[in-house]
1. In the list 41, 23, 53, 30, which residue meets the criterion of being closer than 10 Å to residue 80 by Cβ and either at pLDDT below 90 or surrounded by 18 or more Cβ atoms within 10 Å (Cβ to Cβ) (or both)?
2. With respect to residue 10, determine if the residue is within 11 Å of the chain's Cα centre (by Cα), closer than 19 Å to residue 102 by Cα and either open to solvent by less than 10 Å² (accessible area, probe 1.4 Å) or of a type in the set (Ser, Thr, Tyr) (or both).
Amino acid sequence: MSENEFSAQYSEENFWDKTKKYAKQAGEAAIESGLKMYYSARDEDTPKWAKAAIFSALGYFICPVDAIPDVMPILGFSDDLGVLVAAAATTAAYIKDEHVAKAKETVKQWFAK
């Protein structure tokens, strides 16, 4: 799949469904990275090119067909995390402190013991 096809896979509903469903399996790092970018992409100050990169990465995260199937124990989300980290590095200048704080708060709520 190309970047545009992954971007087309993205939908707000699918992002929240998969993120909530697989939060514990994917791990805090993957979820927090995805949430930081999600909040950045929802910010009107984020340029369109950065939003496209973010939505492509989130589309890959959501897509059931990827390099390493998500159902594989331990390794299943490693490719997703790699794509999220690469997109986060590319768009880091647009991930504000408020996006990081929102992501951390959401992760804290979801992973509370």
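The values are calculated or read from the model by the stated rules, or taken from the named source; none is laboratory data. Bear in mind that the values here come from a model prediction, so they are computed numbers and not experimental data. Methodologically, a virtual Cβ is constructed for each residue, glycine included, from the backbone with ideal geometry; neighbour enumeration extends over all protein chains shown. Accessible surface areas use protein heavy atoms only, side chains included; no ligands, DNA or RNA. Shrake-Rupley method; radii C 1.70, N 1.55, O 1.52, S 1.80 Å.
1. 30
2. no
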